[in-house]
Amino acid sequence: MRRWLPALLIAGALVFSVAVYSRLPDDVPIHWGLSGTPDRFGSRLEGAFLMPVVMVVLLAVMRWYPSRDPRAANIAKFRGAYDSVVTATIAMLAVFHVAVLGVALGWQIDMTTVGLAGLGVLLVLIGNLLPLARSNFIFGIRTPWTLSSEQVWTRSHRVGGYSMVAAGVLTIGAAFIGGALGPRIALTSLIVAGLVPVIYSYLIWTRERRGPTND
């Protein structure tokens, strides 16, 4: 995926903010609770430009940070997959930003549906790319056990990929469940998806440390 695409998405978000700025209300909803109703409002300036600024900072950090990794050579081996995750993350934030301003403009948008669906798609993408990751300190399932063994890293990321995709599918489905139940399902699936590969990495590291057993 071309590395200039995230910058283009940020530019698009900024252009949209400028285009609608004069039509935004003085108070812009910028946070929603589990019930799907706004629970925090910001100024017109904050609503229009906070998210693009966050996107710029996040992109800069995600582009710079891999060079600080002692295993940067390993990151280079899956840099295309890493860049795809960066682009997808920025794209999700851009969509969310447009939706937030759309709500402020009176568009009929369910922010819970948009947020969870976007998160679910991102999780599915990460889950599919996770097995491509090589041992490093900034991206992936970085436990003491995965970082100490290439075999444990590889197997844990394969399992982690499956659990992340499953969490993504559940999150997409939860996006269309009304009330607070959808976000709770999404949060639970995300927690489980995170715990499964961590526990699995410890178990197979323990087995590897014991070595082969004689029956």
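The values are calculated or read from the model by the stated rules, or taken from the named source; none is laboratory data. A quick note: this is a predicted structure, and the numbers were derived from the prediction, not measured. Here Cβ is always computed from backbone atoms with ideal geometry, including for glycine, and neighbour counts include all displayed protein chains.
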Candidate set from region 141-175 (those that are under 26 Å from Leu119 (Cβ atoms) and of a type in the set (Val, Ile, Thr)); member that is surrounded by the fewest Cβ atoms within 10 Å (Cβ to Cβ)
Val169
Take Tyr82 and tell me if it is assigned to a helix (DSSP H, G or I) and modelled with pLDDT of 95 or more.
yes
Restricting region 193-213 to residues that are free of Cβ contacts under 8 Å to residues at least 60 places away in the same chain and touching a helix residue (DSSP H, G or I) at 6+ places or on another chain (Cβ under 7 Å), the residue that is farthest from Val152 (Cα to Cα)
Val196
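Yes/no per residue for (1) under 23 Å from Val124 (Cβ atoms); (2) surrounded by fewer than 18 Cβ atoms within 10 Å (Cβ to Cβ):
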site	(1), (2)
Leu45	no, yes
Val53	no, yes
Val56	no, yes
Arg79	yes, yes
Tyr82	yes, no
I'd like to check something: does region 136-144 contain any residue that is touching a helix residue (DSSP H, G or I) at 6+ places or on another chain (Cβ under 7 Å), under 30 Å from Ser67 (Cα atoms) and among the small types (Gly, Ala, Ser)?
yes
When region 1-56 is checked residue by residue, the ones that are among the aliphatic types (A, V, I, L, M), farther than 26 Å from Val86 by Cβ and assigned to a loop (DSSP other than H, G, I, E, B) are Leu24, Leu34
